[in-house]
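Visitor: Could you have a look at this structure, given as structure tokens, before my questions?
The values are calculated or read from the model by the stated rules, or taken from the named source; none is laboratory data. Given the structure is predicted, the values throughout are model-derived calculations rather than measurements. All Cβ positions, glycine included, derive from the backbone under ideal geometry; neighbour counts span all protein chains shown. Heads up: the accessible areas ignore ligands, DNA and RNA and are worked out on the full protein's heavy atoms, side chains in. Shrake-Rupley method; radii C 1.70, N 1.55, O 1.52, S 1.80 Å.
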Amino acid sequence: MADPATYRPKPGEIPTSPGVYRFRDAHGRVIYVGKAKNLRARLSNYFQDVAHLHHRTQSMVTTAASVEWTVVGTEVEALALEYSWIKEYDPRFNVKYRDDKSYPYLAVTMAEEVPRAQVMRGAKRPGTRYFGPYGHAWAIRETLDLLLRVFPIRTCSAGVYRRAHQTGRPCLLGYIDKCSAPCVGRITVDDHKQLAQDFCDFMAGDTQRFERRLTARMNEAAASMEYEQAARLRDDIQALRRATEKNAVVLPDATDADVFALAGDELEAAVQVFHVRGGRIRGQRGWVVEKVEDVTDAELVEHLLQQVYGAVEDARAAAEETDLDADGRAASRRETRDAVPREVLVPVLPPDPGQMSAWLTGLRGARVELRVPQRGDKRELAATVKANAEHALALHRTRRAGDLTTRSQALREIQEALGLESAPLRIECYDISHTQGTYQSASMVVFEDGLPRKSEYRTFSVRGPEGDGARDDTAAMHEVITRRFRRYLADRLASGDVELDDSDVSRDGAGARARPRSGEVPAEEPGERKRFAYPPNLVVVDGGPPQVAAAQRALDELGVTDVALCGLAKRLEEVWVPGEDYPVILQRSSEGLYLLQRVRDEAHRFAITQHRRRRSKGMTASVLDDVPGLGPTRRKALLSTFGSVKRLRAASVEEIAGVRGMGRRTAEAVVAALGGDGGAPDTTSGATSPAVTPDAGSAPTSHDGAAPGMLGA
């Protein structure tokens, strides 16, 4: 725990201008980002008597080792920069809104030559129009199935479309008139794009225009005594009405609004939003957040709006960087206007509603009104949204009852059992997997605050001193720990985004550490430090005393002395620490032991996955692999063109050189490689053949004495 007085900047150094500040820990990692109208006034609040601070703020300022700030011109710029830094650094003390599920959208890829309607999740792509989010994917498919009667746009994948275009026969949807079949020329590409645009207009709320158009055509067909056509148009009108009725009318037709509601307590909160377009609820979305910082409801609303509409800003920036045509750019602009409505209704106003409204107006390109509904239909709808938020919070508590408390208890038990100075907030676990010593692979999994951090998982291919693998598991563990922490030391020294205070550097060898220095920094900096530049609080190895001793020897050789180490042996679930003759015994019902087991099992799973991937790749070989100058892309192009190695062997140099990306010299090398010995095996199904595996006659075994046929852990 650091004393905030050790890194407090002098009051005269801090400007009184608006800006964004961030706290870093002793390793230079950003742990909190905030903004202020007056930087000096805001930062002074953090350096008062620690006993007077909220307990979460106490934890943050005592974890930090420096504070730095960036001055900006306006408060709106501060809002945008704060969102950008929170997204980049993912600080652990900032409130994080996590979707309670991955919501599906109905997406139309207007940037493609032949637009496609489909269900999409995840990040939004430039040039694609999105409608939703929906609660369930089946709701999208049901709506889409109704609308394809009237707007028969393409829904097939690129492979199905390409195959239909090559064969001249449409897919099943084309035969049953639920696709206009641009793949076989039943409709031109331009007409299909206009059809997709009409579909988007209908989904955006312009429903009456299409219903009136179909009604006029039905009356004309009936007047001409074309009763079958009139009946079909009647069914189309009914399909449009059924699709429209699925979204309840809650506000006047011209209303475009996002209605937010909040329900929670001191520890966590649930947020719900209804997306209303054209007076109808077009989508619903929810988040559950743990309050890791001391924030009011107004500040929660501010962070929420930053997250929801900041994604729109990111999508717009990505679209500007993408080489889109005029239609794609127009679709991107429409998507931005659809995503940011005319009205944003919130339960409480953010601390500075003027700057938030100005930011939203800049995103939409037109005025956005931010307010709290006081009466009428909008107030009633806000009450409905709040009821949904309260239900979501109750469901979350039921599913995760005691989860936060349980994780805190587990970390505290590990801290006490191993005699650590603080709880191990970052745990890394290592495991080795192999088959009879071949394809030796290792895994590194990371748990932060008791939860897996999958973006920081790593795998290692164990090389050994001769390049053919380590002699045993202890040597493999020594190599992996050495490589990981040698990279940590190199990345820490090479990191250029943290200014180090030379007066605070203890020159004690390779493991020396320098404390980050407080002060002003520019808004545009190099990216966040590399992931290996952050050490864990605790290293866990899968195994007993031999593996622990090998890992400790690697740390000692590198001079790393501030990382705790233990091993978890499988048989009796004993916890071994370096230099001890007897293990640390945790109770079977201990939450700390459960967490260590979960970390170990995750490392085991990840190591086996990597091992199987390497083994599968090593079990196949291609006769084209050794052709000089022939990489994976060219090999794929050759096999795609000729279909098999047999046909490729029969081709001439000129025919091979005619393949896209090939030159005459490479074509001659291919002919020489295929015909040089005259006895290369024929592999017509993809130019692969079984490779000779080391110890092919031996049964595979694992490093922990598992039965033959089992993978090593």
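Visitor: Heavy atoms only, probe 1.4 Å: what % of the accessible area of segment 127-192 goes to carbon and sulfur, would you let me know? Display every interim value, and only then the final one.
Guide: Numbers: 1760 of 3290 Å².
Carbon and sulfur atoms account for 53 percent of the accessible area of segment 127-192.
Visitor: Please list, in chain and number order, the residues 5+ apart from residue 369 or on another chain whose amide H is under 5 Å from its amide H, with Hs placed from the backbone.
Guide: Amide H neighbours of residue 369, under 5 Å, 5+ apart: 343, 344.
Visitor: Let me ask another. Can you tell me the equivalent ellipsoid semi-axes for segment 4-101? Use √(5λ) from the Cα gyration tensor, largest first, whole Å.
Guide: That gives 20, 19, 12 Å for the three semi-axes.
Visitor: Just add up the charged neighbours of residue 423: K/R +1, D/E -1, any other residue whose Cβ is under 12 Å from the Cβ of residue 423.
Guide: Net charge around residue 423: -2.
Visitor: Would you kindly derive the ³J(HN,Hα) couplings of segment 645-655 from the backbone phi angles with the Karplus curve 6.51 cos²θ - 1.76 cosθ + 1.60 (θ = phi - 60°), listing them in order in whole Hz, with x for Gly and Pro?
Guide: 5, 4, 5, 5, 5, 7, 7, 8, 4, 5, 5
Visitor: Please give the direction-averaged projected area of the C-alpha convex hull for segment 176-241, in square nanometres with one decimal. Intermediate values should be presented prior to the final figure.
Guide: Working: hull surface 20.3 nm².
One quarter of the hull surface, i.e. the mean projection, equals 5.1 nm².
Visitor: Right, here's the next one. Percent of accessible area on segment 10-122 owned by carbon and sulfur, 1.4 Å probe?
Guide: Working: 2120 of 4410 Å².
Ligands and nucleic acids excluded, carbon and sulfur give 48 percent.
Visitor: I've got another one for you. Quick one: how many Å² of residue 59 are accessible to a 1.4 Å probe, rounded to 10?
Guide: Approximately 50 Å² of residue 59 is accessible to the 1.4 Å probe.
Visitor: How big, on average over all directions, is the shadow cast by the Cα convex hull of segment 544-618, in nm²? Intermediate values should be presented prior to the final figure.
Guide: On the way: hull surface 26.4 nm².
Seen from a random direction, the Cα hull of segment 544-618 projects 6.6 nm² on average.
Visitor: To continue, here is another question. Please work out the average accessible area per residue across segment 416-484, using the 1.4 Å probe convention, and give it in Å².
Guide: On the way: 2710 Å² over 69 residues.
With all protein chains present, segment 416-484 gives 39 Å² per residue.
Visitor: Could I ask something else about it? Residues of segment 1-87: accessible area per residue at 1.4 Å, in Å²? Write down the numbers at each step before the final one.
Guide: On the way: 3600 Å² over 87 residues.
Ligands and nucleic acids excluded, the figure is 41 Å² per residue.
Visitor: Given a 1.4 Å probe and every protein chain left where it sits, what share in percent of the accessible area of segment 538-592 is carbon and sulfur?
Guide: Numbers: 1340 of 2640 Å².
Carbon and sulfur: 51 percent of the exposed surface of segment 538-592.
Visitor: When the Debye formula is applied to the Cα atoms of segment 134-179, each taken as the same point scatterer, what base-10 log of I(q)/I(0) results at q = 0.14, 0.15, 0.31, 0.34 Å⁻¹?
Guide: The calculated log intensity ratios at q = 0.14, 0.15, 0.31, 0.34 Å⁻¹ are -0.39, -0.44, -1.08, -1.15.
Visitor: On a C-alpha basis, how far is the centre of segment 424-481 from the centre of segment 1-68 in Å? Whole number, if you could?
Guide: Segment 424-481 and segment 1-68 have Cα centres spaced 37 Å from each other.
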